Structure formats: C-alpha cells, structure tokens
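FYI, it's all coordinate maths here, none of it is from the lab. Computed from a prediction, not measured in an experiment: that's the story for all the values here. Don't worry about glycine lacking a Cβ; one is built from the backbone with ideal geometry, like all the others, and counts go over all protein chains shown.
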Amino acid sequence: MDIAIEAKLDEDLAMHYAMDLFHRSLLESGEPKKASELVKILGKDDVNVKLARVVLASHPNRFTHVDRKWTLVSRFANPTHTLERNLIDVFETYGLPSTLRAMVQEMSAIFHQSVDHLEPILTRVLSMSDQFVSLGSGRYGLRKWLLNISSEEEDDVLFDNFLKRMDVMAFEEHENMLESGNIESVYTFLNQVAKPVNSLVLQFLLWKKAPHKFNARKIMMTMLDGKESTLLSGGWWIGSDVERRLVEYFPAISQREVDEKMEGVVQDDAQLLVVGDEDRERLIQAVLNSETSSHANNLLETFFEVAVEDSTYSQDLETVINILKQDERVMWVGSDRFFVKEAIPAYVFTVPESLHFPVNRFTDSEGNEVDLLLEDDGFDGGLQRDILSPLAQDVLDEELAYTPDTNPPATARCVLKYHHKEIGTFPLCQLPPGFFAYDVEIMQGDLILPNGQKTEIWVNNSSRLVYGLFDWYSTLPVDSGAVFYLERQEPDRFVLTYGEETEPAMFISRNRVNELLELGHQAEEEEMPTFDILRAIMEHYRKGIDFITLLTETNIVRRTTRRMVASLLSSHHCFFQRGGAWVFDQKKLSQGFDKSKRKYLKK
C-alpha cells in the first residue's frame with residue numbers, strides 16, 4: 001500500500017481517522033446523507049455534528065455536498081471506464097477493505113444500473129480478477145495491500161513491496177515482542193509502539209519471524225475482525241490505545257474554521273430551509289423525547305446542518321421555531337427553547353398558597369369592622385408614593401398596568417423578602433418591566449450562581465413569579481432584606497451576584513424574625529386584627545418605623561397588602577408621622593377611627 005500519510009500521532013492524524021469514519025458510514029449507507037444522519041449511523045459519543053461538518057468540508061477530494069446532503073466524490077466517476085477500473089479507483093480512494101454490498105451500491109451510482117443487475121457481475125469480477133482479494137466477512141480489498149512474498153530474500157521482499165530498510169529499522173526496538181501466530185502480540189506491539197505502523201511493514205516483520213508459516217491474508221482478516229486494532233486508509237495500523245488518543249483530538253478539530261466555499265462545498269446561499277412533514281415530526285419527537293429543554297438552534301444544526309455562519313441561518317432558525325410553536329404537543333418556553341408541557345414542574349403554573357393574602361373580617365366588641373380599606377386619596381404622609389415603591393409591591397399586590405421597556409436595563413437590583421425565601425420564588429414586580437421576556441407565558445432560563453454553578457429558573461408572566469431559587473436561598477444567612485443582582489447576558493441566560501449587601505428598610509435580624517413568627521402564631525390563635533398587629537410591631541419601635549420596614553414585618557406576621565397597612569396608618573388617630581417615620585401613640589388609642597376619612601372608605 002502507498003504511504004499516504006505521515007506516521008505521526010497528532011491532530012492531523014486524528015482528522016484522517018475521523019475522515020475514514022465518515023467515509024465508511026457514507027459508503028455503507030449507499031446514498032447521500034446529512035451530517036447528522038452520519039453521526040447517528042456512527043453512534044459514537046465523541047462524534048458530533050460540528051466534527052462532521054469540519055471533517056466533511058475539509059476533504060473535497062472525498063466528500064461533496066448535494067441538496068443539503070453529503071455524498072462521495074467517487075460516485076461521480078466516469079461511467080465509460082470499465083467496471084474493474086472504477087472498482088480499483090473506489091478502493092484506492094477509500095483506501096480500506098469494503099463489503100461486496102457497498103461496492104455494488106457504488107457501482108450502481110456510477111453506472112446508473114440496478115443493484116440486482118450488478119451484484120452477480122461484481123461477485124464474479126472480485127473473485128476472478130488478480131487485482132482483488134477476499135478478506136472474509138464479505139469484505140474485499142486490493143491484492144497489493146498484502147505483502148508480496150514471491151521472493152525469499154529480505155532485500156527482495158522489501159524491493160517487491162516498495163519498502164526501504166529504514167522503514168523496518170524504525171521498529172527494531174519493539175519487533176522482539178512479535179510472535180509468529182500470536183495475534184495478541186501484534187496488539188501489544190502496536191500499543192507499545194504508540195504510533196501508526198505501516199501495514200506492509202508490520203506484515204514484513206511478522207514474515208521475518210516465520211517465513212514458511214506466514215499468511216498475509218489470514219493476518220489481515222484476523223485483525224480486521226478484531227477490536228484491538230484499527231486500519232487507517234493509506235495502510236496504517238493503530239492499536240486501541242492510539243485510537244483513544246486520536247479521539248481526544250476531536251473536540252479541537254470541531255472548533256476549526258472551515259471556509260466551505262474554498263473547500264469545494266456546493267451551497268446555494270439563497271436556498272431557504274423547507275421542512276417537510278417527516279422532518280417536522282422528527283423535530284417534534286426530538287423535543288418530546290428530551291428530558292430537558294430543546295434549543296431550536298441545536299435542532300437546526302442537528303437535523304438540517306445549518307450553522308450560525310450560514311447566510312440563511314436567521315431565517316431557517318425562525319422557520320424551526322415557528323414549526324415548534326405551532327405544535328400543541330410541545331411548549332415554547334422563551335428564546336429558542338421548547339419543552340414538553342407535562343414535564344414542566346406543576347408549581348410553575350401556580351402562586352403558592354403561602355403568598356396568597358387571607359380574606360378576614362375582624363370586628364370590635366361593638367361589632368364594627370376594624371380593618372377598613374381606604375381609597376388612595378385618603379392616604380397621609382406620602383403613603384400614596386410609598387405604596388408604589390417596587391419594594392412595597394409583591395405578587396398578587398402590585399400595579400399591573402405597565403408597558404414593557406423595549407430596551408430594559410441589563411442588571412437589576414433584587415431585595416429578598418422572607419416569604420419568598422421560604423419557597424424559592426421572587427416577584428417580577430421588583431424587576432424593570434421587560435427584564436425577562438414578556439411575550440411568553442412560561443419562560444425557562446439558565447442562572448449562573450456566585451459559585452459558578454448553573455441552575456435553571458422558571459418565569460411565569462401570568463403568576464408574576466420567578467421559581468427555582470430555593471437551593472441558593474438556603475445558603476443565605478439573611479432571612480429578609482438580602483440584596484443580590486441579576487445580570488441578563490442572553491435572553492435566557494442570567495448571572496447572579498451577591499456581596500452580603502442588605503437593604504436597610506427590609507433587613508430583619510433572625511431574632512426579630514423569630515419574634516414576628518411568634519406574633520403570627522398569637523395573631524392566628526386570637527384572631528387578631530391587622531390593626532392590633534401594627535400596634536404590636538410599632539410598640540417595638542418607640543422612635544418610629546419606616547413604612548417599608550413596617551410592611552415587611554407585618555407580612556412576616558401575616559400576609560397583608562400594602563394598601564391595608566397604608567389605610568390603617570392614615571385612618572387612626574393613634575398613628576402619625578414624626579420626622580418621616582410612623583409612630584404609635586398609646587394615649588390616642590381611645591380616639592379610634594378618624595371620622596374625616598369616612599369619605600375615602602372603599603365601598
């Protein structure tokens with residue numbers, strides 16, 4: 001065999017090995033295939049579509065592109081040549097043994113004749129011509145791939161096989177490992193040499209051990225059937241250890257830039273993707289069979305081999321996204337992500353019970369309702385402004401009339417509330433409108449945590465909540481008022497940073513949280529009105545308390561709306577402002593409800 005490659009273990013040899021893999025899969029398939037289909041045929045974990053595109057586009061002498069599929073250049077050989085000549089040319093191009101079936105398919109492509117017609121003809125030619133040799137298991141190859149031992153002298157055998165003494169001398173250090181008739185010694189030899197060994201050189205070394213017992217065809221058949229060695233095109237044997245080392249180069253090869261036009265790939269830049277019913281169903285099934293979300297860009301590359309550098313990429317990606325959006329079996333979860341609806345956690349579709357506001361009616365000893373709600377116009381001391389603060393608003397208690405910002409800030413400051421920490425949620429009302437995609441009901445995103453780990457979050461634009469933060473919240477030493485920042489790097493990728501900052505108006509110490517929880521148990525047992533809860537909290541702050549702080553503590557005791565707290569502060573004489581802070585005066589408790597506020601009572 002001609003020495004077609006340099007016997008050197010490097011990335012180029014790994015590329016050659018990968019080229020053989022794809023050539024074999026195309027040869028055995030007998031028809032043009034997409035790169036994704038070839039990857040599936042090979043079924044190797046280390047072989048992906050990116051590798052396929054690079055390898056196929058880098059060898060225009062072997063592979064070419066037809067109608068968005070890859071095929072072998074040898075299939076376009078001259079049909080006016082004889083069958084035997086084209087057979088030899090196909091074997092030379094492939095450089096490896098092949099099956100009768102594969103060769104029949106190749107000749108059928110060249111001569112445009114049926115497989116049934118050609119099979120008996122090829123069987124006869126391959127069996128009778130001295131150009132070919134049977135190598136077992138239905139395989140054939142070129143006879144010149146076997147060592148010619150018609151001479152008995154070493155120098156003559158070297159000459160007859162176009163070998164040089166230096167080719168053999170390169171393996172003198174290891175040739176003593178080889179044992180006549182012991183194929184395991186050959187595998188050990190190949191792994192010990194740790195580089196490709198020319199097939200004729202290996203055969204010569206084995207012939208020297210026992211010239212009269214040497215059988216080149218038998219050795220070739222045994223090694224081709226075994227799994228401990230691999231034959232590369234060009235006539236090089238490698239051991240299993242070398243093969244594993246070559247595979248390690250695949251990720252680097254996948255990253256190579258390939259100028260497809262320069263490499264001879266025929267591509268019509270104006271040809272947009274057209275998806276038929278069969279491919280449409282394949283797309284849907286890929287999503288349905290995935291345990292995680294499926295990205296349309298990955299599906300586009302996997303099934304249709306359209307990469308981001310292709311001129312039609314944007315339009316083709318939109319085509320795939322629209323197809324998936326229209327199918328009721330899958331759910332669009334933002335960006336180019338799709339998910340099986342039934343696989344989305346059920347809690348993502350609801351507002352947890354602990355975030356709901358209880359509906360209670362409390363009365364005094366005379367039967368008068370205590371917790372009365374005012375219209376906003378009846379609020380005192382800047383409360384009309386305070387209730388609109390993002391820190392005051394919460395899920396089920398927010399101003400819903402807003403217009404999403406078409407260019408929202410990329411970073412948002414977030415302040416954690418106690419009841420959200422308990423269940424791993426966060427309210428959208430604290431974030432700039434449009435920070436998360438607003439044109440999708442349920443959105444999934446990747447969140448990079450401060451420790452570098454990645455987790456998944458869910459955003460429900462209907463429930464107005466972010467879900468999936470429980471595990472990270474559990475690492476925080478602060479129960480209420482912890483400040484963290486969300487940075488949007490991509491529409492579905494976010495980075496969380498935390499520097500132990502707290503929001504003064506909402507920071508509640510753990511001891512104080514425990515006191516408030518105890519007050520909550522008391523309020524539940526005694527059916528305590530919200531008015532009395534405010535009194536109990538404000539008695540703890542004799543110098544006054546900020547509205548946001550009061551609202552925060554009240555909600556730890558019992559979920560209470562901001563307008564209820566603002567109404568009580570504004571409608572009772574015992575509550576008043578001093579220096580911007582709200583104060584409770586026990587002496588004015590008997591004065592009760594401010595009658596001037598009756599006109600603002602909500603009907």
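See the values below:
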item	result
Inter-site label distance for L601 and T123 at 7 Å from Cα along Cβ, in nm	10.3
With Cα atoms, 0 to 90° folded angle of helix 562-571 axis to the chain main axis	10
Relative contact order (percent, whole number), the range 396-502, Cα cutoff 8 Å, 6+ residue spacing	32
Ranked packing of 184-194, 307-317, 583-593, 13-23, most packed first, by mean Cβ within 10 Å	13-23, 184-194, 307-317, 583-593
For peptides 147-155, 42-50, sequence by mean Cβ density within 10 Å, most packed first	42-50, 147-155
Rough spin-label spacing in nm, given labels placed 7 Å along Cα→Cβ, for A410 and E501	1.7
Rounded tilt (10° steps) of 547-557 against the dominant C-alpha axis of the chain	80
Full-extension gain in nm, A210 to R329, via 0.36 nm per residue minus C-alpha separation	36.1 nm
Mean ellipticity per residue at 222 nm, deg cm²/dmol - from DSSP H runs of n ≥ 4 across the chain, formula -39500 (n - 2.57)	-11000 deg cm²/dmol
Nearest-0.05 FRET efficiency for S389 and K69, computed from C-beta distance (R0 56 Å)	0.40
Residue order, fewest to most beta carbons within 10 Å, for H419, H81, H572, H356	H356, H81, H419, H572
Relative contact order %, the chain, counting alpha carbon pairs below 8 Å whose residues are six or more apart	11
Per-selection metrics, the range 423-503 (Cα): Rg and Dmax in Å	12.2, 35
Angle between the chain longest axis and helix 11-29 axis [Cα atoms, degrees, rounded to 10]	80
Share of Cα-Cα pairs in the range 11-145 lying beyond 17 Å, as whole percent	58
Two-decimal Rg/Rh across the range 277-343, once Rg and the Kirkwood Rh are taken from alpha-carbon atoms	0.94
Ranked M221, M169, criterion: other C-beta atoms within 10 Å, fewest first	M169, M221
20 Å binning of all Cα-Cα separations within the chain, expressed as whole percents from 0 upward	16, 32, 21, 17, 11, 3, 0
Selected from T64, A581, N322, residue furthest toward positive end of dipole (the chain; charges at beta carbon)	A581
Protection-proxy order for peptides 404-413, 134-143, each taking the mean of Cβ atoms within 10 Å per residue, highest first	134-143, 404-413
Difference of contour (0.36 nm per residue) and Cα-Cα distance, E228 to R280	14.6 nm
Estimated distance in nm for a label pair at D116 and A170, the labels positioned 7 Å out from Cα along Cα-to-Cβ	5.0
Net lengthening on full extension, K44/E353 (0.36 nm per residue, minus Cα-Cα)	106.4 nm
